Amino acid sequence: EVDWFSLASILFLLMFAPLIVYYFIMSCDQYQCSLIDPVIDLLTGNKYLSDIWNKTPTLTYRAAGIYTLWVAFQVVLYVCIPDFCHKFLPGYVGGVQEGAVTPAGVVNKYEINGLQAWIVTHVLWFANAYYFHCFSPTIIFDNWIPLLWCANILGYAVSTFAMIKGYFFPTNAKDCKFTGNFFYDYMMGIEFNPRIGKWFDFKLFFNGRPGIVAWTLINLSYAAKQQELYGQVTNSMILVNVLQGIYVLDFFWNEAWYLKTIDICHDHFGWYLGWGDCVWLPYLYTLQGLYLVYHPVQLGTANAIGILMLGLIGYYIFRMTNHQKDLFRRTNGNCKIWGKKPEYIECSYMSVDGTKFHSKLMTSGFWGWARHFNYTGDLMGSLAYCLTCGFDHILPYFYIVYMTILLTHRCIRDEHRCFSKYGKDWKRYTSAVPYRLIPGIF
Ligand code: NDP
């Protein structure tokens, strides 16, 4: 059932999310990243909407060419080159891996080769920047708005295709979800794991590439632009590149583990993931780097070290919390967490066909401090990115505001799902671990 609040939120996002992205990027392009000046200009009659729109770069053949090549290249890396990194990188889990059991009882196989795609792409990027000089390393920044139109076209095309596919030729009909509400189905998706052929998995591809592989390239392009404009790269830009680079590399190093996260395990593939991965993520997760092109902030040493520490500690908490759950679940509790055998709550649940399954909810380690301490670490890292930009403008702080809303909402959504799944066992768990994100507070 779709309640009125969900429907209103969905309609709001479908109408306004593309405008929000445009507004942020336009305000950097035309107003030096001020979010307030465009509003003042419009309210005072200094400018009309048409003036702003007329100054906005349009779709160009060059951008369309770059974007098509980019996506095609990532498709080739994903589909045609089986993973070889797991053969020589100790501890890395790549190659063919199994996902979680779907509600219809299917276990999908995935070719995990994201790290390889990331490495190949970045080696080529650096080879071009320092040796071949086929294109400028500022190419992404220089075509940023025309590329936005291309990303939107792909985002809408893939979401619409996924909807049609869900109705007419689903990969697994039993894993489809129809609410009867067109907007909800379009936004939240019908098919659980849409695929083309045996291996092209929409969720794995769009979730990680082209958006997340591009994330570090986009930041590199911003750093190159700073170098071009000011003859140097500021320490704030280096911090953004390093901290976000760690996050991106962590994602690809743990791509097999991501098969067990909410995006892949529970969400259906619709506009939320399709458009979000193509447009929202590459454009709004990289706002700090974009801002620093217009406002090159040079941080004092103490501030730079403080921000670096916040980012690294946040990353450590994020990674260790996720690692503890992964280890616990993989070994069925036969492991050590902080040197001791973990404590847990035994629970059971039913799949749609009525089969009873057993599971465990850990109450040791970071999972005993709060029910989503991994999100807390993520939020500390997110705050560190924003702080690199100083306090002159609010635009770079969009990320921490957004992540706080996203992860708090996700926390509540996940707990609602877990309660439906585990019932009274979930209640026992929430009594044992009463806080969600910050022990003693929330
Ligand atoms: P989690 O990794 O926290 O997974 C939640 C699931 O874990 C629950 O549904 C439940 O699943 C299981 N679980 C919950 N509590 C316990 C417990 N105590 N012991 C064992 N298992 C438990 O959530 P996500 O998948 O959302 O997040 C993964 C990571 O990705 C997070 O670190 C998050 O910060 C990050 N992330 C980043 C985003 C970004 O845009 N940058 C967006 C979203 C996430 P089950 O049904 O198996 O019991």
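Each row is one residue, and each column tells you yes or no for (1) modelled with pLDDT of 95 or more; (2) open to solvent by less than 70 Å² (accessible area, probe 1.4 Å).
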{"position": "299", "(1), (2)": "yes, yes"}
{"position": "313", "(1), (2)": "yes, no"}
{"position": "316", "(1), (2)": "yes, no"}
{"position": "326", "(1), (2)": "no, yes"}
{"position": "344", "(1), (2)": "no, no"}
{"position": "348", "(1), (2)": "no, yes"}
{"position": "352", "(1), (2)": "no, no"}
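Give all pairs with beta carbons closer than 7 Å in which a residue from region 12-31 that is in the same structural domain as residue 151 (by the TED database) meets a residue that is open to solvent by 60 Å² or more (accessible area, probe 1.4 Å); count only pairs at least 6 apart in sequence or on separate chains.
Here the result reads 14/183; 30/55; 31/37, each pair linking region 12-31 to a residue that is open to solvent by 60 Å² or more (accessible area, probe 1.4 Å).
Quick one: would you say residue 376 is surrounded by 19 or more Cβ atoms within 10 Å (Cβ to Cβ), within 13 Å of the ligand (Cβ to nearest atom) and modelled with pLDDT of 95 or more? Walk me through it before giving the result.
Details: surrounded by 19 or more Cβ atoms within 10 Å (Cβ to Cβ): yes; within 13 Å of the ligand (Cβ to nearest atom): yes; modelled with pLDDT of 95 or more: yes.
Answer is yes for this residue.
Is it fair to say residue 116 is without any contact (Cβ under 8 Å) to a residue 40 or more places away in the chain, buried (at least 19 other Cβ atoms within 10 Å of the Cβ), under 28 Å from residue 147 (Cβ atoms) and assigned by the TED database to the domain that holds residue 250? Write out each step before concluding.
Values: without any contact (Cβ under 8 Å) to a residue 40 or more places away in the chain: yes; buried (at least 19 other Cβ atoms within 10 Å of the Cβ): yes; under 28 Å from residue 147 (Cβ atoms): yes; assigned by the TED database to the domain that holds residue 250: yes.
In short, yes.
Considering region 354-373 alone, what residues qualify as being away from the ligand (no atom under 13 Å from the Cβ) and either out of contact with any strand residue (DSSP E or B) (no Cβ under 9 Å at 6 or more places or on another chain) or modelled with pLDDT of 95 or more (or both)?
Applying the first criterion (away from the ligand (no atom under 13 Å from the Cβ)) to region 354-373 yields 354-356.
Residues satisfying the conditions are 354, 355.
Condition check: open to solvent by less than 60 Å² (accessible area, probe 1.4 Å), hydrophobic (A, V, I, L, M, F, W, C) and part of a loop (DSSP other than H, G, I, E, B). Does residue 292 satisfy that? Please lay out each step first, then the result.
On the way: open to solvent by less than 60 Å² (accessible area, probe 1.4 Å): yes; hydrophobic (A, V, I, L, M, F, W, C): yes; part of a loop (DSSP other than H, G, I, E, B): no.
For residue 292, the condition - open to solvent by less than 60 Å² (accessible area, probe 1.4 Å), hydrophobic (A, V, I, L, M, F, W, C) and part of a loop (DSSP other than H, G, I, E, B) - is not met.
May I ask you to list the residues in region 386-437 that are of a type in the set (D, E, K, R) and either open to solvent by less than 60 Å² (accessible area, probe 1.4 Å) or within 12 Å of the ligand (Cβ to nearest atom) (or both)? It would help to see each step written out before you state the result.
The initial filter retains those residues of region 386-437 that are of a type in the set (D, E, K, R), namely 392, 410, 413-415, 417, 421, 424-425, 427-428, 436.
Answer for region 386-437, where residues must be of a type in the set (D, E, K, R) and either open to solvent by less than 60 Å² (accessible area, probe 1.4 Å) or within 12 Å of the ligand (Cβ to nearest atom) (or both): 410, 413, 414, 415, 417, 421, 425, 428, 436.
May I ask you to list pairs of residues, at least six apart or on different chains, whose Cβ atoms are under 9 Å apart, with the first in region 250-279 being more than 16 Å from residue 113 (Cβ to Cβ) and the second being within 14 Å of the ligand (Cβ to nearest atom) and aromatic (Phe, Trp, Tyr)?
Note: pairs meeting the criteria are 250/315; 250/318; 269/206; 273/206; 274/206; 276/206; 277/206; 278/206.
Show me the helices (runs of 4 or more DSSP H) entirely contained within region 1-71 in which 2 or more residues are at pLDDT below 95. Lay out the reasoning, then the answer.
On the way: elements: 4-31, 37-43, 49-55.
Here the list reads 4-31.
Here is a check on your reading of the model: is residue 154 more than 21 Å from the chain's Cα centre (by Cα) and open to solvent by 30 Å² or more (accessible area, probe 1.4 Å)?
Details: more than 21 Å from the chain's Cα centre (by Cα): no; open to solvent by 30 Å² or more (accessible area, probe 1.4 Å): yes.
Criteria not met by residue 154.
The values are calculated or read from the model by the stated rules, or taken from the named source; none is laboratory data. Just so it is clear, the structure is predicted and the values come from calculations on it, not from any experiment. When we count neighbours, we look across all protein chains shown, and the Cβ atoms used for this are built from the backbone with ideal geometry, even at glycine. Protein only, heavy atoms only, side chains kept; ligands, DNA and RNA dropped before computing areas. Shrake-Rupley method; radii C 1.70, N 1.55, O 1.52, S 1.80 Å.
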